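Here you go, one structure.
The values are calculated or read from the model by the stated rules, or taken from the named source; none is laboratory data. Owing to the predicted nature of the structure, the values given are computational and were not obtained by experimental measurement. Here the Cβ positions follow ideal geometry from the backbone for every residue, glycine too, while neighbour counts run over all protein chains shown. Surface areas here come from the heavy atoms of the whole protein model, side chains and all, with no ligands, DNA or RNA. Shrake-Rupley method; radii C 1.70, N 1.55, O 1.52, S 1.80 Å.
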Amino acid sequence: MRRNIGWPLQLCLVLAMAGIAGQADAKTLRVASPDGRIVVSVSDDGGQARYAVAFDGREVVAPSKLGLLFKDAAGFERGLEIVDAAEASADVTWEQPWGERRLVRDRHNELLVTFAEAAAPSRAMAARFRVFDDGVGFRYEVGRQKGLKGAVEIVDELTEFVVGDRPTAWWIPSGEFNRYEYVYQSTPAGDVQDAHTPITLRRDDGVHLSIHEAALVDWSGMSLQRLRPGAFTAELSRWSDGVRVKTETPFKSPWRTIQIADAATGLLNSDLILNLNEPNALGDVSWVEPGKYVGIWWAMHIRERTWGNEGIHGATTEETKRYIDFAAENGFMGVLVEGWNIGWDGDWFNNPDLFNFTIAYPDFDLDAVAAYAKDKGVTLIGHHETSGGVTNYENQLADALDLYAAHGVKAIKTGYVADAGRIERTDDKGVLRYEWHDGQFMVDHHLRVVTEAAKRQIAINPHEPVKDTGLRRTYPNWVSREGARGQEFNAWGSPPNPPEHAAILPFTRMLAGPMDFTPGIFDLEPNKRPPVREDMPRSDPGNRPQTTLAKQLALYVVLYSPIQMAADLPENYERRPDAFQFIKDVATDWEESIALNGEIGDYVTFARKARGGDDWFIGMLTDERARALQAPLDFLDEGRAYRAEIYRDGRLADWRANPYVMIIETRTVKKGDVLTFPLAASGGAAVRLTPAE
Ligand code: NOJ
Ligand code: CA
């Protein structure tokens, strides 16, 4: 539904105000969410484009600037007036090929506001606002016009988010060498200097906000920079020459998003980011398969094996067959193999150009391994570590993908291990340029890989990626990614992930989309084992998952990803078949997901219904504080008995001293019952609910 608000009518919506700063008729337009609780105001007060957001009548984003600056033309910054506006609304339900829920409702009201320069040449910039019950999205749209014809270089985006200095913010710093892989901090918003998004805020009145972006295409990633305490401006990542965005008119920016809820769980049950992405562009994607995998991976991180040939090579034919056998016996879909291709020996971090994506080490026979996997009904999961050498990778991309496609590989994990700002690009003159992981070059690169892979029916899972902005909706083969501190930090990260990490991720990183966290470590003190060889010393014994065993199981339900790894060594699972049963049973694709309770950094409980079945799964976890959590079973079918298989912390469990004590029990439950579990310090619980008949 689209209505153009012709000027006389528009004036009805407009609060014409007396001239401020010499402007005769400053205008303010308003658009509300379908439930009326969120109201966005857009104004040209003082010749500047501004927006503000109110929730239940309270201002949650104070008037904040909009605008763009160009390298070779005047920016949209001052001397602007609202010259046109159009309203629209939508209420549609669309289906995800895979996801945390099958059906997603997109219900919003829209306001498209055109600002034009009051003086000639009267160039125009539009801002499109979409207001949902769970938040707001807006983007810039700039047409081809006099003074902005063809190529444009954007040197600054002026978008502000004035949230005030008092809310508590959960955030990681931006522009730092380790990209998105930082321990989350919680501080007053006024103390945040710069931060990646999603950044999540809780106000004193209990209102929760999360600022992020959706559909990051053909633009640079946005982080937030402090203007004044509690007032942030968009900081776009940049190209090596300093330009933020290279585009051409007509262009549109990604959506800037503000999720809004009265409770923390409201953020978790929001589909705003997906709703602001374009529909599936790939057509039939039934070849994208959610599922669980094991792999030659953790062994390298705990220094049992090495990626290259200089220690004890992990990715040998024999070892890969051992993992394939284990996967087949236990019903896993895939086996990830890292380190089979040459390039790892020596200082791989500093020699990205040595990676060859089609030549194997002599002790790895890709043909033999692929045939063996096929025979056992298991698929290989490929790996492409680039070390940030992106031109080297792109030069080999087609061959590398073809090779995997020919060997039945259906998913590839890519990797960009390099300090932030040290992605290597060779330009068309043959000159080396350093780019940012979240700059436009990499935004484009990831989409090149994803679309090339799609042509070969291969899914992509990048590590050290650009952040997720919901593009899985448009490109459903972009199944997962890293982009936060994952399990690997518990092998060698000093410090490892703290107990509250998994209680913060759902409210921050996971709002962006699925994460390949790689849960399921069963030997919780891997660095206490004696080294396998003198020249392969373990890391500090204090580096370990700071969780109980039951919490490792809960991660499968709490941290959503359509591909989930069982990350530990097969022998560690074989030692705990009782606990391993949950990993074998848990689904990875969901009909519905519900966040039942949660507070940022404290605890969280999710219930998810398996797609294509009747089973429900529950995952709950806590931070360093032991506490009892409840799961009200209101989501179960009426009149049906369910068998609950419960895996929870034992009475004396404690992540530090006693992480393994777990109670595994079954109960019969029905809709309306409440499961209450006492969780240990950094503990958790995992439940499978199956109809009893
Ligand atoms: C970092 C990734 O996060 C990890 O999963 C991978 O094993 C190494 N890079 C090597 O590619
Ligand atoms: Ca990583």
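Please verify whether the range 277-297 includes one or more residues that are under 30 Å from Asp523 (Cβ atoms), assigned to a loop (DSSP other than H, G, I, E, B) and over 18 Å from the mean Cα position of the chain (by Cα).
yes
Can you find, within the range 183-227, the residue that is least open to solvent (accessible area, probe 1.4 Å) among those that are in a strand (DSSP E or B) and among the acidic types (Asp, Glu)? Walk me through it before giving the result.
Keep residues of the range 183-227 that are in a strand (DSSP E or B), which gives 185-188, 194-195, 199-202, 208-214, 222-227.
Next, from what is left, pick out any that are among the acidic types (Asp, Glu): 194, 213.
On the way: Asp194: 33, Glu213: 0 Å².
Applying the filter and picking the extreme gives Glu213.
On to the next question. State yes or no: is Tyr404 buried (at least 17 other Cβ atoms within 10 Å of the Cβ), out of contact with any Lys or Arg (no Cβ under 6 Å at 6 or more places or on another chain) and closer than 23 Å to Lys321 by Cβ? Write out each step before concluding.
Details: buried (at least 17 other Cβ atoms within 10 Å of the Cβ): yes; out of contact with any Lys or Arg (no Cβ under 6 Å at 6 or more places or on another chain): yes; closer than 23 Å to Lys321 by Cβ: yes.
When the stated conditions are applied, Tyr404 passes them.
To continue, here is another question. Can Glu318 be described as more than 16 Å from ligand 1 (Cβ to nearest atom), under 23 Å from Trp94 (Cα atoms) and out of contact with any strand residue (DSSP E or B) (no Cβ under 6 Å at 6 or more places or on another chain)? I'd like the intermediate steps shown before the answer.
Values: more than 16 Å from ligand 1 (Cβ to nearest atom): yes; under 23 Å from Trp94 (Cα atoms): no; out of contact with any strand residue (DSSP E or B) (no Cβ under 6 Å at 6 or more places or on another chain): yes.
Answer is no for this residue.
For the range 577-598, how many residues are open to solvent by 50 Å² or more (accessible area, probe 1.4 Å) and over 25 Å from the mean Cα position of the chain (by Cα)?
Total satisfying the criteria: 3.
Just to verify a result, which residue in the range 37-78, among those that are open to solvent by less than 40 Å² (accessible area, probe 1.4 Å) and part of a loop (DSSP other than H, G, I, E, B), is nearest to Glu157 (Cα to Cα)?
Filtering the range 37-78 for residues that are open to solvent by less than 40 Å² (accessible area, probe 1.4 Å) and part of a loop (DSSP other than H, G, I, E, B), the one nearest to Glu157 (Cα to Cα) comes out as Gly67.
Just the residues that are in contact with a Leu (Cβ under 7 Å, 6 or more places away or on another chain) and open to solvent by less than 10 Å² (accessible area, probe 1.4 Å), please, taken from the range 599-608.
Of everything in the range 599-608, those that are in contact with a Leu (Cβ under 7 Å, 6 or more places away or on another chain) and open to solvent by less than 10 Å² (accessible area, probe 1.4 Å) turn out to be Val604, Thr605, Ala607.
Just to be sure before I move on: is Trp255 among the aromatic types (Phe, Trp, Tyr), at pLDDT 95 or above and within 29 Å of Ile199 (Cα to Cα) in the structure I sent?
Details: among the aromatic types (Phe, Trp, Tyr): yes; at pLDDT 95 or above: yes; within 29 Å of Ile199 (Cα to Cα): yes.
Yes, satisfied.
To continue, here is another question. Any residue that is at pLDDT 95 or above, of a type in the set (A, V, I, L, M), within 16 Å of ligand 2 (Cβ to nearest atom) and over 17 Å from Tyr51 (Cβ atoms) - is there at least one of those in the range 172-183? Spell out the reasoning first.
Of the residues in the range 172-183, the ones at pLDDT 95 or above are 172-183.
This time we only want the ones that are of a type in the set (A, V, I, L, M), so: 172, 183.
Among the residues that remain, those that are also within 16 Å of ligand 2 (Cβ to nearest atom) are: 172, 183.
So of that shortlist, the ones also over 17 Å from Tyr51 (Cβ atoms) come out as 172, 183.
Yes, there is a match, as at least one residue in the range 172-183 is at pLDDT 95 or above, of a type in the set (A, V, I, L, M), within 16 Å of ligand 2 (Cβ to nearest atom) and over 17 Å from Tyr51 (Cβ atoms).
State whether one or more residues within the range 409-417 are more than 21 Å from the chain's Cα centre (by Cα), within 15 Å of ligand 1 (Cβ to nearest atom) and aliphatic (A, V, I, L, M).
Looking for residues that are more than 21 Å from the chain's Cα centre (by Cα), within 15 Å of ligand 1 (Cβ to nearest atom) and aliphatic (A, V, I, L, M), one finds none in the range 409-417, hence no.
When you scan the range 290-341, how many residues do you find that are over 30 Å from Gly612 (Cα atoms), away from ligand 2 (no atom under 16 Å from the Cβ) and not aliphatic (A, V, I, L, M)?
19
Being more than 16 Å from ligand 2 (Cβ to nearest atom) and touching a residue at least 60 places away in the same chain (Cβ under 8 Å) is the filter here, so list the residues in the range 473-491 that pass it. Outline the logic, then answer.
Filtering the range 473-491 down to residues more than 16 Å from ligand 2 (Cβ to nearest atom) leaves 473-479.
Once the filter is applied, which keeps residues that are more than 16 Å from ligand 2 (Cβ to nearest atom) and touching a residue at least 60 places away in the same chain (Cβ under 8 Å), the range 473-491 yields Arg473, Thr474, Tyr475, Pro476, Asn477, Val479.
Taking the conditions exactly as written (touching a Phe, Trp or Tyr at 6+ places or on another chain (Cβ under 8 Å), away from ligand 1 (no atom under 16 Å from the Cβ), charged (D, E, K, R) and in the same structural domain as Thr316 (by TED's automatic domain parsing)), does Lys376 satisfy them or not?
On the way: touching a Phe, Trp or Tyr at 6+ places or on another chain (Cβ under 8 Å): no; away from ligand 1 (no atom under 16 Å from the Cβ): yes; charged (D, E, K, R): yes; in the same structural domain as Thr316 (by TED's automatic domain parsing): yes.
No; evaluated as a whole, the condition is false for this residue.
Of everything in the range 414-431, what is touching a strand residue (DSSP E or B) at 6+ places or on another chain (Cβ under 6 Å), of a type in the set (Asp, Glu) and either assigned to a strand (DSSP E or B) or surrounded by 14 or more Cβ atoms within 10 Å (Cβ to Cβ) (or both)? Give them in sequence order.
Listed by number, the list holds a single entry, Glu424.
Check Trp297 against each of (1) more than 30 Å from Ala124 (Cβ to Cβ); (2) surrounded by fewer than 20 Cβ atoms within 10 Å (Cβ to Cβ) and name the one condition it does not meet.
Exception for Trp297: condition (2).
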